[in-house]
1. Does region 337-354 hold any residues that are buried (at least 21 other Cβ atoms within 10 Å of the Cβ) and assigned to a helix (DSSP H, G or I), and which are they?
2. Among the residues of region 225-247, are any aromatic (Phe, Trp, Tyr) and within 23 Å of LEU331 (Cα to Cα)?
3. Does at least one position in region 233-252 carry a residue that is in contact (Cβ under 8 Å) with a residue 12 or more places away in the chain and within 18 Å of GLU108 (Cβ to Cβ)?
4. Looking at (1) surrounded by fewer than 21 Cβ atoms within 10 Å (Cβ to Cβ); (2) of a type outside the set (D, E, K, R); (3) within 18 Å of ARG275 (Cα to Cα), which is the one condition that is false for GLY56?
5. Taking the options GLY426, GLY387, name whichever one is closer than 30 Å to GLU513 by Cα and surrounded by fewer than 19 Cβ atoms within 10 Å (Cβ to Cβ).
6. Would you mention how many residues in region 204-214 are more than 24 Å from LYS120 (Cα to Cα) and outside any loop (DSSP other than H, G, I, E, B)?
7. Given the conditions (1) touching a Phe, Trp or Tyr at 6+ places or on another chain (Cβ under 9 Å); (2) farther than 30 Å from ARG196 by Cβ; (3) of a type outside the set (D, E, K, R); (4) at pLDDT below 95, which single one is not true for THR72?
Amino acid sequence: MEKETAKETVSKNFIEQMIEKDLAEGKYEEICTRFPPEPNGYLHIGHAKSILLNYGLAQKYHGKFNMRFDDTNPTKEKVEFVESIKEDIKWLGADWEDRLYFASDYFEQMYEAAVKLIKKGKAFVCDLTAEEIREYRGTLTEPGKESPYRNRSVEENLELFEKMRNGEFEDGSKVLRAKIDMASPNINMRDPVIYRVAHMTHHNTGDKWCIYPMYDFAHPIEDAIEGVTHSICTLEFEDHRPLYDWVVTELEYPHPPKQIEFAKLYLTNVVTGKRYIKKLVEDGIVDGWDDPRLVSIAALRRRGFTPESIQKFVELCGVSKANSSVDYAMLEYCIREDLKMKAPRMMAVLDPVKLVIDNYPEGEIEYLEVPNNMENPELGSRKVPFGRELYIEREDFMEVPVKKYKRLYPDNEVRLMNAYFVTCTGCEKDEEGNVTVIHCTYDPASKGGNSPDGRKVKGTIHWICAETAVEAECRLYENIVDEEKGVYNKEDGSLNLNPNSLTVVKGCLVEPELGKAEAYDRFQFVRNGFFCADCHDSKPGAPVFNRIVSLKSSFKLNQ
């Protein structure tokens, strides 16, 4: 029993160990975590790790999970981004219940907090320009220099700060700074700016405010007001933790939250920078923030990824203090594993050529019983129409076969999947020598794809009945960046784009059932990969399918 307990403890990540220690010591009665995005773009796969980590910890320890928009910078924020983020988080399965907050809801409390710091002699109004503040800050090896306005009286600072709020100063003319230590080895503690003047309309508060708090000041206040116990963020905020702690200590919150940092999720050969995605959208290279070639959560959802696949991916990545990169192939592995038992296996021909079975009765259509997923009988079966004229993939016929080719060629017999054995008797060509029609005969006794005399065939090909075929568009994706060159151009920082990142295949032919597909319906197209009905462009009778992922991968999960 003792051995089992020890093993269980070792398996916990370092954040879980810290939370359990805090609970055991009685520091907190109930934990509360949060996800605090800035609404200045769409969320991406990296954010999914933070969402699921914070929500998962709240669930594991029977605590609360808050959703909060850190909307302290009106220059880049939009209602569109707010709505997209809410949709993404719900889709991932994180439930904030009735705890949806905005940093802007606390602007009055933040202002009062700043006044409190001024009265304590811990904050002052500074007239230095942004450039001068940078010059005074010092370097990693040299201490900073105190502002000439640092020793203004409390009364003068209160008066100036009120005038800042009342709109009496221009943007950039004055800031409020915390008074900490210009000689601190941590540059973040060298009298950081905590408020700036910005005459801008805010998406939530309109024109009520013309001064806005800086993130490093606002964030710990938001956490403290909401009762967040563990403020979990990524490693780049580790050097900001002393400032976080300074703010909650100086403002004398009774149950100060604890900041804990973990390593970000880096995915190889993908674009996650909002600035780059914004440019791709504005330049028309992608058709929006949810273009299936991107790794925004909205894009992954549109492409056909499932919440379960992303949850599995985040779980496999784990939680650590060390930065590392994860191969995109691991994300593809997770969606294959999730869909292989869930998705119906349907037939779709992406590059069709006609096949005529000359000895099959003309005008006759029969319906064959076909299992929806051989590995999962619970998905049931469907009736698939079969007739004299079919379509097969062009690559499934060769007039002069190469070595080891096991599909259709003159005098060779193959199995039509779930149907009959057919033997090729010849083909027709157009003036340019392209094959237009393939002729075959079939063995009526081989119905279901098995011969009564026990003879074997080496090839099995899929097909579509010509009479009932539905025309579809399929979109095949590659990485949007050129993987050989790397994501970014070393000379100018631009993206190395892959010109073949999207191939639109029109004139594909699919089973009648696929013609009824609705947005986000997912299928395995036999031999062609996993596909999803596009949520924007697919319509009943005229389906558009995005290829989520091909069927095979070189990725192996170490177990």
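The values are calculated or read from the model by the stated rules, or taken from the named source; none is laboratory data. These numbers were taken from a predicted model, which means no experiment stands behind them. All Cβ positions, glycine included, derive from the backbone under ideal geometry; neighbour counts span all protein chains shown.
1. Listed by number, the residues that qualify are ASP338, LEU339.
2. Here is the first cut: in region 225-247, the ones aromatic (Phe, Trp, Tyr) are 237, 244, 246.
Okay, now just the ones that are also within 23 Å of LEU331 (Cα to Cα), so none.
There is no residue in region 225-247 that is aromatic (Phe, Trp, Tyr) and within 23 Å of LEU331 (Cα to Cα).
3. yes
4. Failing condition for GLY56: (3).
5. Working: GLY426 fails: closer than 30 Å to GLU513 by Cα.
Matching residue, one of GLY426, GLY387: GLY387.
6. Looking only at that region, the number is 1.
7. Here THR72 clears every test but (2).
For (1) within 30 Å of LEU43 (Cβ to Cβ); (2) free of Cβ contacts under 8 Å to residues at least 40 places away in the same chain; (3) basic (Lys, Arg), each residue gets a yes or a no:
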{"position": "GLU80", "(1), (2), (3)": "yes, yes, no"}
{"position": "LYS86", "(1), (2), (3)": "yes, yes, yes"}
{"position": "LEU92", "(1), (2), (3)": "yes, no, no"}
{"position": "LYS120", "(1), (2), (3)": "no, no, yes"}
{"position": "PHE124", "(1), (2), (3)": "no, no, no"}
{"position": "THR141", "(1), (2), (3)": "no, yes, no"}
{"position": "ASN151", "(1), (2), (3)": "no, yes, no"}
